[in-house]
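Below is one structure, written out as structure tokens; comments come after it.
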Amino acid sequence: QKYSNDEEYIDFAKFLHTNVPLGNGGKNESFPVKLYRMLDDDFSESISWMPHGRSWRVHDPIQLEEKVLPNFFRHAKYASFMRQVNGW
């Protein structure tokens with residue numbers, strides 16, 4: 001696929017993201033870094049990348065709230081998480 005400025009489209013979903021700097025693992029990381037770390041860990045029953053790798057999906061909001069969010073955020077509320085998602 002070509003764009004008007006003759007640059008080729010690259011689908012980065014096909015690449016492994018092993019060299020992405022993810023911060024220090026603390027709760028003061030930016031929201032996108034926390035979300036990436038959450039998706040990169042094995043929480044696929046609650047939240048995971050879609051097969052094409054360009055978006056993600058919450059599969060079980062209750063489990064996400066109870067088991068996943070407390071590991072990454074000071075809050076553990078699904079509504080607060082979604083408010084942050086919509087803000088980005």
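One line per residue, one yes/no per condition, for (1) closer than 17 Å to Met82 by Cα; (2) modelled with pLDDT of 90 or more; (3) of a type in the set (A, V, I, L, M); (4) open to solvent by 40 Å² or more (accessible area, probe 1.4 Å):
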| site | (1), (2), (3), (4) |
| --- | --- |
| Phe12 | no, no, no, yes |
| Leu16 | no, no, yes, yes |
| Leu22 | no, no, yes, yes |
| Lys27 | no, no, no, yes |
| Arg37 | yes, yes, no, yes |
| Asp41 | no, no, no, yes |
| Ser55 | yes, yes, no, yes |
| Val58 | yes, yes, yes, no |
| Leu64 | yes, yes, yes, no |
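Can you name every residue in region 66-81 that is of a type in the set (A, V, I, L, M, F, W, C) and surrounded by 13 or more Cβ atoms within 10 Å (Cβ to Cβ)?
The answer is Val68, Leu69, Phe72, Phe73, Ala76, Phe81.
Of everything in region 43-53, what is open to solvent by less than 70 Å² (accessible area, probe 1.4 Å) and of a type outside the set (Ser, Thr, Tyr)? Give them in sequence order.
The answer is Phe43, Ile47, Met50, Gly53.
Can you tell me which residue in region 73-87 is nearest to Ser46 (Cα to Cα), limited to those that are in contact with a Leu (Cβ under 8 Å, 6 or more places away or on another chain) and part of a helix (DSSP H, G or I)?
Here the answer is Tyr78.
The values are calculated or read from the model by the stated rules, or taken from the named source; none is laboratory data. Remember, it's a predicted structure, so these values are computed and weren't measured experimentally. Glycine gets a Cβ as well: all are built from the backbone with ideal geometry, and neighbour counts include every protein chain shown. Only protein heavy atoms, including side chains, enter the accessible area calculation; ligands, DNA and RNA are left aside. Shrake-Rupley method; radii C 1.70, N 1.55, O 1.52, S 1.80 Å.
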